[in-house]
Amino acid sequence: MQKATAPHSTKKLSVYFITSVAALGGLLFGYDTGVISGAQLFLVKTFSLNPQQQELAVSAVLIGAIIGAIVAGKVNDAFGRKRTLLLLAVIFTLGALLTAVSPNYTLFLIFRAIVGLGIGAAASVVPVYISEMAPFQMRGKLVTFNQLAITIGIAVSYWVDLAFAHAGMGWPPMFATAAIPGLLLFLGMLMSPETPRWYASRGRWVEARQVLERIEGADPEFEIAEIHTSLSVEQHQGRIRDLFTPGVRMALLVGVGLAVFQQFVGINTVIYYAPTIFQSAGVSSASSAILATSVVGVVNVLATIVALLLLDKAGRRVLLISGCIGMIIGLALLGAIFATGAGNAGLLTLLALMIYIISFAISMGPVFWLMSAEVFPTSVRGAGASVCSFSNWVANFIVSVTFLSLIGGIGTAHTFWLYAVIGVAALIFCWYLVPETKGKTLEQIEAYWNNGRRWIKPSTLSKARLKPTP
Ligand code: BGC
């Protein structure tokens, strides 16, 4: 190991600074998706929306996000991570301000879709930026910090909604507030470097080394050698069709399956529509409904912190399976509350939503994003993760755009019971198909798929050699 060229603490601090700045993109992802929950009660009044128009007001951001998820990869590779994040910061900031001054429903939808472009792109650009910047020993921890930032963004949006609802100021300032983290992201990114890996991919090795010396210090030589090796592998592979080769397609099935189930268990009916759910359970005032939602947001953050602490100890499967069971119970309970028209429905609804959100936050929430980055072989990791992310946004859109229509069509109780049944399917899927990747190296995971879904002991791994991806 080479000696650090500057005091260790300075280098660590700069990594945390850079991670926190980039994670503002995650915070904006959370804020800009969560803010609609409280705002829609006021939007419905301002623009006199029917349930279909309300669904579209919620989902416009997701249409933008689906497009953002597709184009992000190309822009990110062509212009670099830093410039892409600077561009996203401008989109977030302008989008927030424009949404706040929307003079009519159509323009509101267009501005929300523009914000959505930023969200969809940030969902993949931020983890890529952090992972390419992080010292390899800290990569897992720093990348999962992004999911925490998403939940913090959602919780903050609920509290901001509540404050403006109380102040009687309605929806415009709720959206405008996102301009603050947007501006901070812009200023922070001006001070942050481009990633060494992107420089290297453009043949700019001198700059790559300079950044490594500034942020990592401990062993730039080693990191440069690592980047060399991985880039030479990636130059020959990484195509979407490689994802359909024998072993890898099972990894794809697991990644896309988790992406779709993460949304089809109905998480965003709660994240985006919680105040509406509380109101239909009999909580009459808008601010009480938003207050109850704010509590849900904080519980989401706290449970995510618990998940981060447990993921590498208890393992992914234990959390996934117990989380699925918890979600099924929460959803069944919600259905029962609406079916029986129970007294005290407000409190009971809060309890059922707590069970549900805690269960999601320790399972599908963090585990999907983590697994989408770890189940694929190195050569197809980028392509695999982006297919997973795209599937996740499409599934999110389908659920969000059908939720209120389902309630109108089959009733609230049956809608939640439908999600509970999907929860059972998710449980079966996780039980039979999702491997336990805790404590496994990425090489072991790659070998697992290539060896008919059987684990190989680390000592025999080098002899069994991984079959190269065709
Ligand atoms: C999901 C989002 C969801 C959030 C809730 C994320 O992992 O991708 O759709 O709103 O978790 O915490």
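Descriptive notes on the structure:
- The chain: Lys pairs at Cα distance under 15 angstrom, eight or more positions apart or on different chains: 10
- Computed [θ] at 222 nm, helices only, for the chain once each DSSP H run of length n ≥ 4 contributes -39500 (n - 2.57): -27000 deg cm²/dmol
- Based on Cα contacts under 8 Å between residues 6+ apart, the chain shows a relative contact order of 22 percent.
- Inter-centroid distance (Cα atoms) of segment 263-279 relative to segment 40-74, Å: 15
- If the chain linking residue 455 and residue 249 were pulled fully straight, counting 0.36 nm for each residue of separation and taking away their Cα-Cα distance, it would gain 72.4 nm.
- With respect to the chain, whose longest principal axis is taken over its alpha-carbon atoms, helix 105-133 is tilted by about 30°.
- The angle between the Cα long axis of helix 246-264 and the longest principal axis of the Cα atoms of the chain comes to about 30 degrees, rounded to the nearest 10.
- Summed residue charge, Cβ within 14 Å of residue 81's Cβ, Lys/Arg positive, Asp/Glu negative: +2
- FRET efficiency, 1/(1 + (r/R0)^6) with R0 30 Å, evaluated for residue 295 and residue 17 via beta carbons: 0.40
- Across segment 286-299, computed HN-Hα scalar couplings (Karplus, 6.51 cos²θ - 1.76 cosθ + 1.60, θ = phi - 60°) run 4, 6, 5, 5, 6, 4, 4, 5, 4, 5, 4, x, 5, 4 Hz from first to last residue, x flagging Gly and Pro.
- A probe of 1.4 angstrom, applied to the heavy atoms of all protein chains, finds residue 410 with accessible area near 80 square angstrom.
- Helix axis angle, 139-166 relative to the chain longest principal axis, alpha carbon, degrees: 20
- Carbon and sulfur %, accessible surface of the chain computed with the full protein complex present, 1.4 Å: 70
- For segment 79-198, the relative contact order works out to 47 percent when only alpha carbon pairs closer than 8 Å and six or more residues apart are counted.
- Computed lengthening from residue 240 to residue 398, 0.36 nm per intervening residue step minus Cα-Cα distance: 54.5 nm
- Extension gain from residue 336 to residue 167, taking 0.36 nm per residue of separation minus the Cα-Cα distance: 57.3 nm
The values are calculated or read from the model by the stated rules, or taken from the named source; none is laboratory data. This structure is a prediction, so every number in the text was calculated from the model and none was measured. Cβ: placed from backbone, ideal geometry, glycine included. Neighbour counts: every protein chain shown. Ligands, DNA and RNA are excluded from the accessible area calculation, which covers all protein heavy atoms including side chains. Shrake-Rupley method; radii C 1.70, N 1.55, O 1.52, S 1.80 Å.
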